[in-house]
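J.: Can you keep this structure in mind? I'll have questions shortly.
The values are calculated or read from the model by the stated rules, or taken from the named source; none is laboratory data. All of these numbers come straight from a predicted model, not from anything done at the bench. Cβ sites come from the backbone with ideal geometry, for glycine too, and all protein chains shown count toward neighbours.
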Amino acid sequence: MAAELAGKVALVTGGSRGIGRAIAVALAEAGADVAVNYTSKPDAAAEVVKQITSMGRKSKAYKANVGSLDEVKAMVAGVEADFGPIQILVNNAGINRDRTFMKMTPEAFKEVIDVNLTGAAMVTHCVLPKMTETNWGRVIFISSVNGEQGSFGQANYSAAKAGMFGLAKSLARELSRKNITVNCVAPGFTATDMTAGMPPEVLEKILATIPLGRQAKAEEVAHCVTFLASPQAAYITGETISVNGGLRM
């Protein structure tokens, strides 16, 4: 898939670590110039930018909390000024505030919805005016298996991730006339910094529920995203691709 995305401009939210970092790098490997959004850890974002520019691609990091519309507007304006219209948008930024629903505060519920769902919608809303002018685009939401099946202690997170499915399908219908596809990727249990510190016995129980018997690699999720951004996926829209090792068969 090398150079298939040459000349395209991508924005990856939450692109400094984990799955987001793998996506940013994979898009660059496919030829895209990549804007890397982050909220904290500027050093991590700088490392991603360095890795991408070493490939001969353009890249720059942009700090913004996607839960803040003002910050989103400033970020998108900055990317467009530096790179031109964004043609590939990957909404990956997300947070969690886990607690059983009876103990969850309204503030914790709202914060997760504001970032994970409303934030993704608002980034998309700000990107679309210029994207539609190019008459070509890819919008990809990084949802989760927990949006498909729910998760104990994650009512807020699961609701936000489930909301992405309806948002993507609606946008796919609206934007098809502009040659813009909109899809979701729903990763399952993925090896990231977050899971690395998990007690071995807990990890063992989780892996026992996965037919392939292991966690996903962040790069495997990223390859799926890169495929959806590629010309080969031009006839795929309004869909969700699950990358979960057979967890929901």
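J.: Could you please let me know if Ile88 is crowded, with 24+ Cβ neighbours inside 10 Å, of a type outside the set (Gly, Ala, Ser) and in contact with a Cys (Cβ under 8 Å, 6 or more places away or on another chain)? Even if it seems obvious, please write down each step before you answer.
T.: Details: crowded, with 24+ Cβ neighbours inside 10 Å: yes; of a type outside the set (Gly, Ala, Ser): yes; in contact with a Cys (Cβ under 8 Å, 6 or more places away or on another chain): no.
Judged against the criteria, Ile88 is not a match.
J.: Here is a follow-up. Might you check whether a residue that is surrounded by fewer than 24 Cβ atoms within 10 Å (Cβ to Cβ), modelled with pLDDT of 95 or more, in contact with a helix residue (DSSP H, G or I) (Cβ under 9 Å, 6 or more places away or on another chain) and under 21 Å from Thr192 (Cβ atoms) occurs anywhere in region 4-15?
T.: No, region 4-15 contains no residue that is surrounded by fewer than 24 Cβ atoms within 10 Å (Cβ to Cβ), modelled with pLDDT of 95 or more, in contact with a helix residue (DSSP H, G or I) (Cβ under 9 Å, 6 or more places away or on another chain) and under 21 Å from Thr192 (Cβ atoms).
J.: In addition: What is the number of the single condition among (1) in a helix (DSSP H, G or I); (2) over 23 Å from Met75 (Cα atoms); (3) of a type outside the set (Asp, Glu) that Val185 does not meet?
T.: Val185 satisfies every listed condition except (1).
J.: Is it fair to say Ala160 is surrounded by 24 or more Cβ atoms within 10 Å (Cβ to Cβ), at pLDDT 95 or above and small (Gly, Ala, Ser)? Walk me through how you get there before you give the answer.
T.: Values: surrounded by 24 or more Cβ atoms within 10 Å (Cβ to Cβ): yes; at pLDDT 95 or above: yes; small (Gly, Ala, Ser): yes.
For Ala160, the condition - surrounded by 24 or more Cβ atoms within 10 Å (Cβ to Cβ), at pLDDT 95 or above and small (Gly, Ala, Ser) - is met.
J.: Related question: For Leu69, are the conditions met, namely being modelled with pLDDT of 95 or more and surrounded by 19 or more Cβ atoms within 10 Å (Cβ to Cβ)?
T.: Numbers: modelled with pLDDT of 95 or more: yes; surrounded by 19 or more Cβ atoms within 10 Å (Cβ to Cβ): no.
Criteria not met by Leu69.
J.: Let me ask something else. Suppose the filter is of a type in the set (A, V, I, L, M, F, W, C), out of contact with any Pro (no Cβ under 7 Å at 6 or more places or on another chain) and either surrounded by fewer than 15 Cβ atoms within 10 Å (Cβ to Cβ) or in a loop (DSSP other than H, G, I, E, B) (or both); does Val79 pass it? Spell out how you get there, then give the answer.
T.: Numbers: of a type in the set (A, V, I, L, M, F, W, C): yes; out of contact with any Pro (no Cβ under 7 Å at 6 or more places or on another chain): yes; either surrounded by fewer than 15 Cβ atoms within 10 Å (Cβ to Cβ) or in a loop (DSSP other than H, G, I, E, B) (or both): no.
It is false that Val79 is of a type in the set (A, V, I, L, M, F, W, C), out of contact with any Pro (no Cβ under 7 Å at 6 or more places or on another chain) and either surrounded by fewer than 15 Cβ atoms within 10 Å (Cβ to Cβ) or in a loop (DSSP other than H, G, I, E, B) (or both).
J.: Which residue, of Ser176, Ser170, is surrounded by fewer than 22 Cβ atoms within 10 Å (Cβ to Cβ) and either free of Cβ contacts under 8 Å to residues at least 12 places away in the same chain or not in a helix (DSSP H, G or I) (or both)?
T.: On the way: Ser176 fails: either free of Cβ contacts under 8 Å to residues at least 12 places away in the same chain or not in a helix (DSSP H, G or I) (or both).
Going through Ser176, Ser170 in turn, the sole match is Ser170.
J.: Then there's this: With (1) assigned to a loop (DSSP other than H, G, I, E, B); (2) free of Cβ contacts under 8 Å to residues at least 40 places away in the same chain; (3) buried (at least 19 other Cβ atoms within 10 Å of the Cβ) as the list, and Thr237 as the residue in question, which single condition is left unmet?
T.: Status for Thr237: all satisfied but (2).
J.: Can you go through Ile95, Ile86 and tell me which one is under 18 Å from the mean Cα position of the chain (by Cα) and without any contact (Cβ under 8 Å) to a residue 40 or more places away in the chain?
T.: Working: Ile86 fails: without any contact (Cβ under 8 Å) to a residue 40 or more places away in the chain.
Going through Ile95, Ile86 in turn, the sole match is Ile95.
J.: Filter region 143-157 for residues that are of a type in the set (Gly, Ala, Ser) and within 18 Å of the chain's Cα centre (by Cα); which is modelled with the highest pLDDT? Break it down into steps so the answer makes sense when it comes.
T.: Here is the first cut: in region 143-157, the ones of a type in the set (Gly, Ala, Ser) are 143-144, 147, 150-151, 153, 155.
Adding the requirement that they be within 18 Å of the chain's Cα centre (by Cα) leaves 143-144, 147.
On the way: Ser143: 97, Ser144: 92, Gly147: 73.
Residue satisfying both the conditions and the ranking: Ser143.
J.: Six or more apart or on different chains, Cβ atoms under 7 Å: show the pairs whose first residue is in region 134-149 and under 17 Å from Leu247 (Cα atoms) and whose second is surrounded by fewer than 24 Cβ atoms within 10 Å (Cβ to Cβ) and among the charged types (D, E, K, R).
T.: Val145/Arg248; Glu148/Arg248; Gln149/Arg248
J.: Answer yes or no as to whether Glu107 is farther than 23 Å from His223 by Cβ, of a type in the set (Asp, Glu) and without any contact (Cβ under 8 Å) to a residue 40 or more places away in the chain. Outline the logic, then answer.
T.: Numbers: farther than 23 Å from His223 by Cβ: yes; of a type in the set (Asp, Glu): yes; without any contact (Cβ under 8 Å) to a residue 40 or more places away in the chain: yes.
Judged against the criteria, Glu107 is a match.
J.: Which residues, counting only those in region 138-163, are more than 21 Å from Val225 (Cα to Cα) and either part of a loop (DSSP other than H, G, I, E, B) or among the acidic types (Asp, Glu) (or both)?
T.: The answer is Gly150, Ser151, Phe152, Gly153, Gln154.
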